[in-house]
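Remarks on the structure that follows.
The values are calculated or read from the model by the stated rules, or taken from the named source; none is laboratory data. What you see is a predicted model; the values in this text were computed from it and never measured. Neighbour counts are summed over all protein chains in view; Cβ atoms, including those assigned to glycine, are modelled from backbone coordinates with ideal geometry. These area figures cover heavy atoms from the full protein model, side chains too; ligands, DNA and RNA do not enter into them. Shrake-Rupley method; radii C 1.70, N 1.55, O 1.52, S 1.80 Å.
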Amino acid sequence: ALFANNQKVTSFTIMKNVQSIGVDAFNGCSKLQEITLPSGITAIEDGTFKGCSALIRVELPDGLTDIGSSVFMDCGQLEEITLPASLRKLGLAAFASCRSLEQITIPEGITVLPTNLFGGCNALQKISLPDSLLTISSQAFWYNNKLADLIIPKNVVTIASSAFQECK
């Protein structure tokens, strides 16, 4: 992994010609606060920013279609993230344990909220779901104690029995 477990890097700009960020590229960079992503990126692979506990805000570029599994898992300070309209796939546990994330809008085109997508995001209060959504998988909202108001789109055909496990 490119910078995995680097304890010195605090900000990073990815160059324009990059189309994909590899598996675990910045995994465990606990001092990383800011990342700048170019518009040419179409995929962020599994675990890329996992454990970047100082990361506060990420703006994902238009053109991004795929966020892999555990990409932002354990980014405990992540408060804000903007998902682009081009996004079509979210991986398992992509935002799990983002304990400071308060709101998010899932764009049209997403059909599945995968297992543990927002598990342990105990500050999450508001989420907007798209009409394209068909499936809410197990533990998608596991342990979301502050999620007060959620409108399930009419096209949803499957909600796993544990999708809202441990929600109060």
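Being touching a Ser or Thr at 6+ places or on another chain (Cβ under 9 Å) and either touching a residue at least 60 places away in the same chain (Cβ under 8 Å) or over 17 Å from Asp74 (Cβ atoms) (or both) is the filter here; which residues of segment 22-51 pass it?
Of everything in segment 22-51, those that are touching a Ser or Thr at 6+ places or on another chain (Cβ under 9 Å) and either touching a residue at least 60 places away in the same chain (Cβ under 8 Å) or over 17 Å from Asp74 (Cβ atoms) (or both) turn out to be Gly22, Glu34, Thr36, Leu37, Pro38, Ile41, Thr42, Ala43.
Pro84 - would you say it is of a type outside the set (D, E, K, R), touching a Leu at 6+ places or on another chain (Cβ under 7 Å) and assigned to a loop (DSSP other than H, G, I, E, B)?
Against the criterion (of a type outside the set (D, E, K, R), touching a Leu at 6+ places or on another chain (Cβ under 7 Å) and assigned to a loop (DSSP other than H, G, I, E, B)), Pro84 qualifies.
Given the residues Ser39, Ser138, which is the only one that is open to solvent by 10 Å² or more (accessible area, probe 1.4 Å) and under 19 Å from Ala163 (Cβ atoms)?
Ser138 is the lone residue from the list that is open to solvent by 10 Å² or more (accessible area, probe 1.4 Å) and under 19 Å from Ala163 (Cβ atoms).
Suppose we keep only residues that are in a loop (DSSP other than H, G, I, E, B) and open to solvent by 60 Å² or more (accessible area, probe 1.4 Å) within segment 51-63. Which one would you say is farthest from Pro84 (Cα to Cα)?
The qualifying residue farthest from Pro84 (Cα to Cα) is Ile56.
May I ask you to list the residues in segment 64-78 that are open to solvent by less than 30 Å² (accessible area, probe 1.4 Å) and either in a loop (DSSP other than H, G, I, E, B) or more than 19 Å from Gly51 (Cα to Cα) (or both)?
Leu64, Gly68, Ser70, Val71, Phe72, Cys75, Gly76, Leu78
Going through segment 143-168 one residue at a time, which ones are among the β-branched types (Val, Ile, Thr) and assigned to a loop (DSSP other than H, G, I, E, B)?
Selection gives Ile151, Ile152, Val156, Val157.
Which pairs do you get when a residue that is within 9 Å of Leu124 (Cβ to Cβ), found in segment 100-114, comes within reach of a residue that is open to solvent by 60 Å² or more (accessible area, probe 1.4 Å) and of a type in the set (S, T, N, Q), reach meaning Cβ atoms under 8 angstrom, with the pair 6+ apart or on two chains?
Sorted first by the residue in segment 100-114, then by its partner, the pairs are Glu102/Gln125; Gln103/Gln125.
Sort out which residues of segment 77-101 are more than 11 Å from the chain's Cα centre (by Cα), closer than 26 Å to Ser30 by Cβ and at pLDDT 95 or above, and write them in order of number.
Gln77, Arg99, Ser100 - these are the residues of segment 77-101 that are more than 11 Å from the chain's Cα centre (by Cα), closer than 26 Å to Ser30 by Cβ and at pLDDT 95 or above.
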